[in-house]
Amino acid sequence: MRVVNASCEIMKLMQPETTFYQLNRPARYSGGELGSIVKDWAHVDVTVALAFPDVYEVGMSHIGSAILYQALNNVPWIAAERSYAPWPDREQQLRGTNTSLTSLETRRPLSEFDIVGFSLQYELSYTNVLNMLDLAGLPIRASERSMQMPIILVGGPCAFNPEPLADFIDCAIIGDAEEAIVEFCSQVRESKRLGEDRAKLLNRLAGLEGVYVPSHFSVTYETDGRIKAIEPLNQNCLEVRRRVVADLDKAPYPDHPIVPFMQTVHDRVAVEVARGCTRGCRFCQAGYIYRPVRERQPETVRRLIDAALRHSGYDEVSLLSLSTGDYSAIETLMQNLMSCYADQKVAISLPSLRVGSLTPILMEEIKKVRKTGFTLAPEAGSERLRNVINKGIRAEDLVKSAQAAFQLGWRLIKLYFMIGLPTETEDDLNALVDLAAQVKFTGKGTEGGADVNVSVSTFVPKAHTPFQWDAQLSREETFARQEFLRSNLKKKRLRFKWHDANLSFLEGVFARGDRRLGAVLEQAVKLGCRFDGWRDHFLWDHWQTAFARTGVQPEWYLRARELEELLPWDHIDCGVSKDFLRHERQKALVGEATPDCRNGQCSQCGLCDFETVRTRLADRNVLAALRQSEHTTANGHLDLSKVRLTITKTGRVVSLSHLEFMTLIKRAVRRAELPIQFSSGYHPSPRISFGDALPLGVASQAEIIDLTLSPPVTPHDVLSRLNRELPNGVKVVTAVAWPRKGPSPSESIETATYSVPLCGDEARGLSKRIPSFLSAEQVLVTKRKKNRHAEVDLRPWVIKLSHDSSYLFMEMSAGSPLLVSAYLLETDSETIRGRGVCKTEIKFKEFNCQRSD
């Protein structure tokens, strides 16, 4: 009988906070992911906390934050770390223990950083910003923060109207931040060297292009509530002009991505192929604030993908832009990528496609991708209304695209529409229903049938768009139009999904809000508003109370504005002139189109200088010849080998679930470039076999994993290659050849031994309880499972029990070590989970298995 043994000194290894185990998804807070960067603060001059005001799995999917993390940490004297909004259960822990919100990398309180930077992607994240400041032990209002406290910086699309947050932030970066953030840090560094006070530092920062300091502007109001004046207090800064990164090929981009332990919203390599869109959809803020179109050359895209796949172990790549189908070299790039990565079972996805960009060649390549849902966004049902918004999609083209998708194998098409667009009538709503029905009809007779989901959001006018002057639907009007669509789509047997009217209402208030809304935000946070973009956490009644207590009428912010009215964001220059936006609005009212300027005549929006700031398109003819994959994974009559690994699971990774640990290993195998064999079928998976799941919080010195490889690789090479790719706490201890038809890990193990640290005089009590347990025929306890209680017998699980003054040792053939040790120590499983239980030894069964040739 072979034995794998390990020392109980494992308890001395670094563990995650034991309180993590009591949380929903503790991996959100563990840190230590592959690709994360930890610098010695003694050797840096400026520290930055990149704070994302949403939960970890959302923030880790935001490519902008990843770009800034790389750009900052590329500078030797800057240390950038990450922090995310804690889920309510974690917030309760922090407040209950009077513990500050910290970074993931070094677990330092945010209050100790020089800069805390928030990415504002969505207006309904504002309460999380204030709550995170409070959890960090920082005064919420900027005027109350001392010189020793960090500068609070914001950026992202919502920074183009940061006025609702003006009382809480020190600065905002308007526009592209990759270059501006480093310049910002340089000024903070110089100010620290000179010992300047906070006022002088803010003056210094305000001199940077693209940096807005709200305290340097004074806002006054008319008696009817409109803005009377926005007056600069610093005459050297009359307005703030947006920053533009001119050439994406020269800009920093993460080619060593951080690889989360847990599944995130977008769990894949994400490469931004282009930034900006000049299609000119008049409702779309991104189309105006991210101009001009700047495309990365396909060679750059390919290099970034190669590096990111090699360093991450992901099996999917997403090509990002506002409209990936419009990328000039998309057909060439897709053909190249599909040819090069097909054998590695890497999928390529295009998350944003416009109907007019779906060429036959592109559709042919897309059909090779894993087919989940195919998304089309006509936005409006009628041709007339699409002309108003400058969408430029004909109904027949959309129907043809849907038909092609169904014929290529997609079973589901998602259609995105908006209600409440300027000039919308009931006829437009009827046209929406008819168009969706036509799409569904195109799938009739195709293999597997066809299904259509109709998703409808409420139009929210945004700053710096031609519709920034238009009214937003009231809640009552929104409910009525949603009900109209629900009733009529049901008759066509179409699924209908809609955006919550109250959420859209609140988004609209803050999207075009002013500084007076700061008091409402502050009150809402005190009332407990958090994660307002999450329907399950949205507290509409609390928001109504906050508005009432502050005397603010939220409906006033949804009204139409006069064309000459002073708007809260008029001192922020997005690069597109206000005259151009007015002209676009007039063209909308008569249904006149504005053509895309990327390949045609300039539309005179006022942004480009045609030297540095200009359209930059990819050359579709420069991509290098196709490079075939170095690793093939064909199935069939192959020379296969199986290698059995013994692996540790200690330190921070103890907070991972079994599924998360499996994902960690699979990605490490990819990074190690081991020729793992895949299963057959439409969704091939790597042939990696794991043992039974460890309970959350239990460490191990002896996890067993089998790899099936083709062509064979020696166990020594597997061990050395894999260990180079595993994070701290996970290490291959042994690797041995294993018969191809040998028993799986779970079938191979006869017993496992666990050690449980003892506290106080628990050893004395065990001297009586162990003999009593071993002599009993049954030891029944009640276990909670899936919201119900079940009675289980612990006795058959246990083979041997012993203890010394420091540890309880349990040799078990099955079952949970937490339940058994909790029973023996007369406590509960959650207490034991935080003790540092460790699997220290396994014994294998004897077996006879003919080795395969």
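The alpha carbons of the stretch 459-544 stretch over 46, 33, 18 Å along the principal axes, in descending order. A viscosity of 1.567 mPa s and a temperature of 4 °C, combined with the Kirkwood radius over Cα pairs in Stokes-Einstein, give a translational diffusion coefficient for the stretch 504-600 of 80 µm²/s.
What Kirkwood hydrodynamic radius, in Å, does the stretch 557-621 give when the mean of 1/r is taken over all pairs of distinct Cα atoms and then inverted? One decimal place: 14.5 Å for the Kirkwood radius.
May I ask which of LYS783/LYS843; LYS391/LYS444; LYS368/LYS444; LYS440/LYS491 have a Cα-Cα span longer than 20 Å here? Violating the 20 Å limit, Cα to Cα: LYS783/LYS843; LYS391/LYS444; LYS368/LYS444.
Note on SER679/LYS845: beta-carbon distance plugged into 1/(1 + (r/R0)^6) with R0 of 25 Å gives a FRET efficiency of 0.45.
Taking every Cα-Cα distance in the stretch 18-92 and sorting them into 10 Å bins from zero, the calculated P(r) comes out as 17, 46, 29, 7 percent. Each of ARG559 and LEU589 was given a label point 7 Å from its Cα along the Cα-to-Cβ line. The distance between the two points is 1.9 nm.
Shape analysis of the stretch 153-219 yields a ratio of the Cα radius of gyration to the Kirkwood radius, Rg/Rh, of 0.96. When a 1.4 Å probe is rolled over the protein heavy atoms, the share of accessible surface on the chain that falls to carbon and sulfur comes to 49 percent.
Taking a point 7 Å from the Cα of ASP427 along the Cα-to-Cβ direction, the residues of the stretch 553-594 with backbone N closer than 15 Å to it are 590-591. Its Cα centre serving as origin, the chain has a Cβ charge dipole (Lys and Arg +1, Asp and Glu -1) of approximately 2040 debye.
Against the compact-protein benchmark of 2.2 N^0.38 Å, the Cα-based radius of gyration of the stretch 719-853 scales to 1.27. Using C-alpha pairs under 8 Å with a sequence gap of at least 6, the mean separation divided by the residue count of the chain gives a relative contact order of 14 percent. FRET efficiency for the pair THR831 and SER455, taken as 1/(1 + (r/R0)^6) with r the Cβ-Cβ distance and R0 = 45 Å, rounds to 0.45.
Packing here is the average count of other Cβ atoms within 10 Å per residue, and on that basis the peptides 531-539, 658-666, 49-57, highest first, run 49-57, 658-666, 531-539. For the stretch 254-308, relative contact order (Cα pairs under 8 Å, six or more residues apart, normalised by length) works out to 42 percent. Most simply put, the chain has about 55% antiparallel DSSP beta bridges, counting only bridges with both residues inside it.
Which percent, nearest 5, of DSSP beta bridges in the stretch 165-314 are antiparallel? The antiparallel proportion sits near 90 percent. Normalising by residue count, the chain has a Cα convex hull of 192 Å³ per residue. At the residue level, CYS597 shows approximately 30 square angstrom of accessible surface with a 1.4 angstrom probe and all protein chains present.
Spin-label model, ASP197/THR223: points 7 Å from Cα along the beta carbon direction are separated by 3.9 nm. Each Cα pair under 8 Å and six or more residues apart adds its sequence gap; the mean of these over the residue count of the stretch 77-200 is a relative contact order of 21 percent. With respect to the cross-link table entries LYS666/LYS845; LYS345/LYS649; LYS345/LYS414; LYS250/LYS587, which display a Cα-Cα separation exceeding 30 Å? Table pairs above 30 Å Cα-Cα are LYS250/LYS587.
Calculated mean residue ellipticity at 222 nm for the chain: -8500 deg cm²/dmol, from DSSP H runs with n ≥ 4 weighted as -39500 (n - 2.57), summed, divided by the residue count and rounded to 500.
The values are calculated or read from the model by the stated rules, or taken from the named source; none is laboratory data. Because the structure is predicted, anything quoted here is derived from the model rather than measured. As a convention, Cβ positions derive from the backbone with ideal geometry for all residues, glycine included, and neighbour counts pool all protein chains shown. Surface accessibility is based on the protein's heavy atoms, side chains included, excluding ligands, DNA and RNA. Shrake-Rupley method; radii C 1.70, N 1.55, O 1.52, S 1.80 Å.
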